[in-house]
Amino acid sequence: MDLYIFDFDDTLAITDSRVRVVRNGQDILMTSREFAQFDYRPDTDEIDFGDFGTVSGTLIKDTVDIMIQKMQQGEDVYIVTARAIAEPVENWLTSEIGQAPTVVPTSGSAGKRPWLLQHLQSNNYDRVVVYEDCTHNIRDLKEAVEEHNTKTGSSIEYTAMCILPDNSIQQIENRWRPESLLTEWDFREITRNFLRKTW
């Protein structure tokens, strides 16, 4: 079975929620995508995610269609969001599309990796497929799968699809095994095949 992980903000929906950062007495409002690229200074900046307690906005159709399809195919589908509360996301999706998979709130992006590590320990998957707009989260989740594979001797594949600012989807990770498992034989074969094509 495959595990499908969908981010929520800027992956399944463009929402009206804004992160509020107070820096030097000035308010800075930004979307979650903008905040992911923001040079946040925890020692001096004040941060307020209060706007993320509710949900309103518009669906990103292509990603939502994929999520619904995977749910209908019986895959294990989760929304793993940096929001702190699941219920507003569940209620909004149910009102928009009539259903919602399990929503996992991690109260910040840093909580996504530990959740995945714990989830992999108690489930048996062939592949993890991630839909995310934040490349930092994509790398974190990839490292979680690789860490799990190393500790357990598993060979779970990892694929990541990045949701770009224009809402298009780009595959940026596709690992059927960790790079460290490439052997000397692999390199000989790669070289031999390359030379055959160039002769």
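Derivation of every value follows stated rules applied to the coordinates shown; laboratory data play no part. A quick note: this is a predicted structure, and the numbers were derived from the prediction, not measured. Glycine gets a Cβ as well: all are built from the backbone with ideal geometry, and neighbour counts include every protein chain shown.
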The extension gain from GLU157 to THR44, computed as 0.36 nm times the residue separation minus the Cα-Cα distance, is 36.7 nm
If LEU164, LEU117, LEU12, LEU93 are placed from fewest to most neighbouring beta carbons inside 10 Å, the sequence is LEU164, LEU117, LEU93, LEU12
Starting from the amide H of PHE8, placed 1.01 Å from N in the peptide plane, find each other amide H under 5 Å away whose residue is 5 or more places distant or on another chain. ALA82
Pairs to check: LYS61/LYS142; LYS112/LYS142; LYS70/LYS142. Give those whose C-alpha atoms are more than 22 Å from each other in this structure. LYS61/LYS142
Two-site label geometry, ASP27 and ILE97: point separation in nm, points 7 Å out along Cα→Cβ: 3.2 nm
Cβ-based exposure ranking for GLU90, GLU147, in which fewest neighbours within 10 Å come first: GLU147, GLU90
Just want the ordering: MET67, MET1, MET161, from fewest to most Cβ atoms lying within 10 Å of their own Cβ. MET1, MET161, MET67
For GLN69 and SER122, compute 0.36 nm times the residue count separating them, minus their Cα-Cα distance, and round to one decimal in nm. 16.6 nm
What nm distance separates the two modelled labels at ALA86 and GLN170, each placed 7 Å from Cα along Cα→Cβ? 3.3 nm
